[in-house]
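Take a look at the structure set out below.
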Amino acid sequence: MKALPLVAAALGGALVGAAAALLLAPQKGSETREAIKDFILSHVPGIKASELESLADQIADEIKDVK
């Protein structure tokens, strides 16, 4: 069971690295958002585009509240 925290840490690090790479990529924000949307739609089974748009709107609202 000691390997489980190590795997979780590695996956977390990979996610943070991927997010940083996307945020620092030399392309427009709209292109990055479209790439993220396409990635999620192709890799998350059962999610619909409308659900993804709703989730994005909720996240944007939360970010505005924090600012």
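The values are calculated or read from the model by the stated rules, or taken from the named source; none is laboratory data. The structure displayed is predicted, hence computed values, not measured ones. Heads up, the Cβs are rebuilt from the backbone with ideal geometry, glycines too, and the neighbour counts pull from every protein chain shown. Calculation scope for accessible area: heavy atoms of the full protein, side chains included, ligands and nucleic acids excluded. Shrake-Rupley method; radii C 1.70, N 1.55, O 1.52, S 1.80 Å.
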Exercise. Would you point out which residue out of 3, 8, 18, 25 is without any contact (Cβ under 8 Å) to a residue 60 or more places away in the chain and exposed (fewer than 10 other Cβ atoms within 10 Å of the Cβ)?
Key: 3
Exercise. Keeping to the range 29-67, report how many residues are open to solvent by 90 Å² or more (accessible area, probe 1.4 Å), in a loop (DSSP other than H, G, I, E, B) and at pLDDT 80 or above.
Key: 2
